[in-house]
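The values are calculated or read from the model by the stated rules, or taken from the named source; none is laboratory data. Everything numeric in this text was worked out from a predicted model, so none of it was measured. Note that each Cβ is placed from the backbone with ideal geometry, even for glycine, and that neighbours are counted across all protein chains shown. What goes into the accessible areas is simple: the full protein's heavy atoms, side chains included, and nothing from ligands, DNA or RNA. Shrake-Rupley method; radii C 1.70, N 1.55, O 1.52, S 1.80 Å.
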Amino acid sequence: MNQAARRIGRTLALVLPVVLVLSGTLAVTRVPWAAPNAESQVLTASSGTASTQAKARAPHEVLRDRLLTELQQKNPGAALTDLQRETESRPSLAQYCGQIARALGRAAVAKYGPKKAQSYSRPVCDTSFASGVVAQGH
């Protein structure tokens, strides 16, 4: 009887950790990454693409978002000044200057209305800010 108890104890000592590890692994193979109301996305533990990185945002998108936030927190004039500085210091952003200035113009109209938004107009990126104000104001 004593020998049977030892055999059972040894078997449990070997099998129990394996069972616990496997059950823990199986428990984390389904990880919902999406919002609760969105369709569930699942990442399996054996997925070969689990370590791929998310695609980085383009510098002009980061700048646009930062300037739109600045416009909301301060005013369009401050955002336009920073846009001008950024395009002068990083010439690669100059091709996106018009798009960003138009987005700032639309956001300024949404926050201040067309008349006040137009008062912040500056000759940054030609007249893109003003065209964004006019487009949004009508």
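Observations on the model:
- Residue within the stretch 95-113 that is open to solvent by 50 Å² or more (accessible area, probe 1.4 Å) and of a type in the set (A, V, I, L, M) present: yes
- Some residue of the stretch 103-111 being charged (D, E, K, R) and either in a helix (DSSP H, G or I) or within 23 Å of ARG57 (Cβ to Cβ) (or both): yes
- Residue check, ARG90 open to solvent by 50 Å² or more (accessible area, probe 1.4 Å) and either among the polar types (S, T, N, Q) or within 19 Å of HIS60 (Cα to Cα) (or both): yes
- Unique residue being over 24 Å from GLN136 (Cα atoms), at pLDDT below 75 and surrounded by 10 or more Cβ atoms within 10 Å (Cβ to Cβ) when the list is THR52, THR29, THR11: THR29
- Matching residues, the stretch 64-78, being open to solvent by less than 10 Å² (accessible area, probe 1.4 Å) and either more than 11 Å from PHE129 (Cα to Cα) or at pLDDT 95 or above (or both): LEU67, LEU71
- Within the stretch 114-138, restricting attention to residues that are open to solvent by 20 Å² or more (accessible area, probe 1.4 Å) and β-branched (Val, Ile, Thr), the residue that is nearest to ALA78 (Cα to Cα) is THR127.
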